[in-house]
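The values are calculated or read from the model by the stated rules, or taken from the named source; none is laboratory data. Predicted, not measured: the structure shown is a model, and the values here were computed from it. With ideal geometry, Cβ positions are generated from the backbone for all residues, glycine too; neighbour counts draw on all protein chains shown.
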Amino acid sequence: MEAIATDFGIEKALKQLGVKDINEGTSTGSNNFSNGDIIESYSPVDGKLIGKVKTTTQADYDKVMDAATKAFKTWRTMPAPQRGEIVRQFGEKLREKKEALGKLVSYEMGKSYQEGLGEVQEMIDICDFAVGLSRQLHGLTMHSERPGHRMYEQYHPLGVVGIISAFNFPVAVWSWNTALAWICGDVCVWKPSEKTPMCGIACQNIAAEVFAANNLPEGISCLINGDYRVGEMMTKDTRIPLVSATGSTRMGKIVAKEVAGRLGKSLLELGGNNAIIVTPDADVKMTVIGAVFGAVGTAGQRCTSTRRLIIHESMYDTVKNAVVDAYKQLRIGNPLDEKNHVGPLIDKDAVKMYQNALTQVVEEGGNVIVEGGVLSGEGYESGCYVKPAIAEAKPEFKIVQHETFAPVLYLLKYSGDVHNALEIQNGVAQGLSSAIMTNNLREAEAFLSVQGSDCGIANVNIGTSGAEIGGAFGGEKETGGGRESGSDAWKVYMRRQTNTINYTTSLPLAQGIKFDL
Ligand code: NAD
């Protein structure tokens, strides 16, 4: 184990989360089954080794599944409000560990400390939401067409829910799934991204502490580690009725096919190619804040990052100049240092994709107006720090149609009315987040209408990036169609049963069918 950066309180945070001095470790208690190859987790912040984690072999996986399946039998019989109480305690533990976990998220993934704290806050929020929901897992009561009959529906847990998550939200996406799945009576097996395994272990440790304190089986929350091969163990496994997968569209297409092939359910949260429409009635100051945070926050590595700015020709130069000016203020550097706005990309492969995108946009005839580049020298030793770039482009460019997971913003011009802008916005394969900046009610309503945005998220006078847990989160088209988090997203984690009870002494058939014996 190499030395860990001692600055910014990282060492203390790792200790507090039980991931300090993890060498070939996996997790606590019965989840400590892994015997496979080793993943080394290096921080994109300073390039240092954070720890080593063993991956899960097929035999290890089967042990985990045994623990989970067994735990389900206990957990499903506990009344939902009591399960809510456990989730409440989990939320309390997260409050205690918020700073430490926020720091680890920032150090292992590279997002700013503020965004790391925000991610943990989202976990706390979804726990609060789930606690209330644990008393509201309602079904309907219907009138039967037959006399002396009662008909209603109820929701039962599904069983073992498999969770596959991406590197860019290494802790929050897990909790969006688990907090709901747990109150619904499911147990969870989680495969975090192989790029952020320490975040996985830290979360598992927190959950394990809560289950142990309540004498509940640890199998309610299971962790497995590794790359797509470990993910495939879950997608192929008929013991897992629901696989919730967050990541690239490429991955989602494979997972969808595999899970559908065994008639399982999948909940897919995939790539976005999000746009802000800026109309002649936009507030320029608000537009600049929304667009710049959307494009450079998390170094452009949010599924909801702003990738396209679709600006009306009458506003084009004003908005362009204001955004370019704002980019001059950006400070790029260690994300744990709160003075910096932009941290590193996750790894050097991501840096290559960023560079390729900038080359390609020029090859396709685009015009780079804020130059990109990879930073080197003191503070940038990891080789993962890049300059946020802006290019003027055309909507139909292949690179503009593609999600590049980096801080590259494309400026696109439209003329005529908002419907022309919407055609550009909707003219991509992805359908996650969208926004319009306007003070014109007609434009705003057109954007939200049936002819408007085709995305799962459509905002007015807010950027594309960042969502509250109270609403259902997800997107259409190649974003996968899944919905997680708030509203009635809980229904995905349960199976619906329709019950009809006959309290008479005869047996009338539905639709008046006669069957006399
Ligand atoms: P990725 O697709 O490379 O990996 C995501 C996860 O899928 C990882 O855990 C990986 O090991 C696993 N995986 C990959 N191939 C698999 C397979 N064949 N079978 C089973 N598991 C497999 O994505 P990433 O680079 O970690 O994350 C970035 C992507 O995630 C972006 O496209 C981003 O838009 C998307 N994302 C979407 C949302 C959303 O809610 N829509 C949220 C976060 C990230």
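Below are the figures for this structure:
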| quantity | calculated |
| --- | --- |
| Matching option when the condition is more than 6 Å from the ligand (Cβ to nearest atom), among the β-branched types (Val, Ile, Thr), surrounded by fewer than 24 Cβ atoms within 10 Å (Cβ to Cβ) and in the same structural domain as Ser41 (by TED's automatic domain parsing), among Ile220, Ile206, Ile224, Ile254 | Ile206 |
| Residues located in segment 466-517, provided they are β-branched (Val, Ile, Thr) and either within 13 Å of the ligand (Cβ to nearest atom) or within 18 Å of the chain's Cα centre (by Cα) (or both) | Ile469, Thr479, Val492 |
| Unmet criterion (only one of (1) in contact (Cβ under 8 Å) with a residue 40 or more places away in the chain; (2) touching a Phe, Trp or Tyr at 6+ places or on another chain (Cβ under 8 Å); (3) hydrophobic (A, V, I, L, M, F, W, C); (4) surrounded by fewer than 21 Cβ atoms within 10 Å (Cβ to Cβ)) for Ile183 | (4) |
| Residue match in segment 229-250 (condition: over 24 Å from Glu119 (Cβ atoms), within 12 Å of the ligand (Cβ to nearest atom) and among the hydroxyl-bearing types (Ser, Thr, Tyr)) | yes |
| Any chance Ala299 is within 16 Å of the ligand (Cβ to nearest atom) and assigned to a helix (DSSP H, G or I) | yes |
| Qualifying residue in segment 393-405 (condition: in the same structural domain as Val278 (by TED's automatic domain parsing), in contact (Cβ under 8 Å) with a residue 60 or more places away in the chain and not in a loop (DSSP other than H, G, I, E, B)) | yes |
| Number of the condition not met by Leu180 [criteria: (1) away from the ligand (no atom under 16 Å from the Cβ); (2) under 16 Å from Val492 (Cβ atoms)] | (1) |
| Residue in segment 356-373 that is without any contact (Cβ under 8 Å) to a residue 24 or more places away in the chain, part of a loop (DSSP other than H, G, I, E, B) and more than 27 Å from Leu432 (Cα to Cα) present | yes |
| Scope segment 196-217; condition more than 18 Å from Met78 (Cβ to Cβ) and outside any helix (DSSP H, G or I); matching residues | Thr196 |
| Filter pass, Gly290 being near the ligand (Cβ under 8 Å from one of its atoms) and in a helix (DSSP H, G or I) | no |
| Any hit, segment 104-122, residues being aliphatic (A, V, I, L, M) and over 30 Å from Asn340 (Cβ atoms) | no |
| Answer from Lys398, Lys413 - the residue that is surrounded by fewer than 24 Cβ atoms within 10 Å (Cβ to Cβ) and more than 27 Å from the chain's Cα centre (by Cα) | Lys413 |
| Candidates Ile224, Ile289, Ile240 - the one that is in contact (Cβ under 8 Å) with a residue 60 or more places away in the chain and touching a Lys or Arg at 6+ places or on another chain (Cβ under 6 Å) | Ile224 |
| Which listed residue, of Asp317, Asp349, Asp281, Asp325, is among the charged types (D, E, K, R) and not in a helix (DSSP H, G or I) | Asp281 |
| Answer residue from segment 260-287, given it is out of contact with any Ser or Thr (no Cβ under 7 Å at 6 or more places or on another chain) and more than 16 Å from the ligand (Cβ to nearest atom) and is farthest from Leu422 (Cα to Cα) among those | Leu263 |
| Number of the exception - Phe211 against (1) modelled with pLDDT of 95 or more; (2) within 16 Å of Gly159 (Cα to Cα); (3) away from the ligand (no atom under 12 Å from the Cβ) | (2) |
| Qualifying position, being assigned to a strand (DSSP E or B) and modelled with pLDDT of 95 or more, among Ile436, Ile462 | Ile436 |
| Boolean, Trp176 is in the same structural domain as Lys73 (by TED's automatic domain parsing), closer than 16 Å to Ala68 by Cα and either of a type in the set (Phe, Trp, Tyr) or surrounded by fewer than 19 Cβ atoms within 10 Å (Cβ to Cβ) (or both) | no |
| Residue in segment 424-444 that is without any contact (Cβ under 8 Å) to a residue 12 or more places away in the chain, more than 18 Å from Gly297 (Cα to Cα) and among the β-branched types (Val, Ile, Thr) present | no |
| Condition met for Gly116 (buried (at least 24 other Cβ atoms within 10 Å of the Cβ) and in the same structural domain as Asn205 (by TED's automatic domain parsing)) | yes |
| Some residue of segment 123-136 being touching a residue at least 12 places away in the same chain (Cβ under 8 Å), within 16 Å of the ligand (Cβ to nearest atom) and β-branched (Val, Ile, Thr) | yes |
| Looking only at segment 374-392, and only at residues there that are touching a residue at least 60 places away in the same chain (Cβ under 8 Å) and touching an Asp or Glu at 6+ places or on another chain (Cβ under 8 Å), the one that is nearest to the ligand (Cβ to nearest atom) | Cys384 |
| Verdict on Ser453 being in contact with a Leu (Cβ under 8 Å, 6 or more places away or on another chain) and in a loop (DSSP other than H, G, I, E, B) | yes |
| Condition met for Asp66 (modelled with pLDDT of 95 or more, over 16 Å from Asp186 (Cβ atoms) and surrounded by 15 or more Cβ atoms within 10 Å (Cβ to Cβ)) | no |
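Yes/no matrix, rows are residues, columns are (1) among the charged types (D, E, K, R); (2) at pLDDT 95 or above; (3) closer than 19 Å to Ala291 by Cα; (4) surrounded by fewer than 18 Cβ atoms within 10 Å (Cβ to Cβ):
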residue: Ser449; (1), (2), (3), (4): no, yes, no, yes
residue: Cys455; (1), (2), (3), (4): no, yes, yes, no
residue: Glu468; (1), (2), (3), (4): yes, no, yes, yes
residue: Gly471; (1), (2), (3), (4): no, yes, no, yes
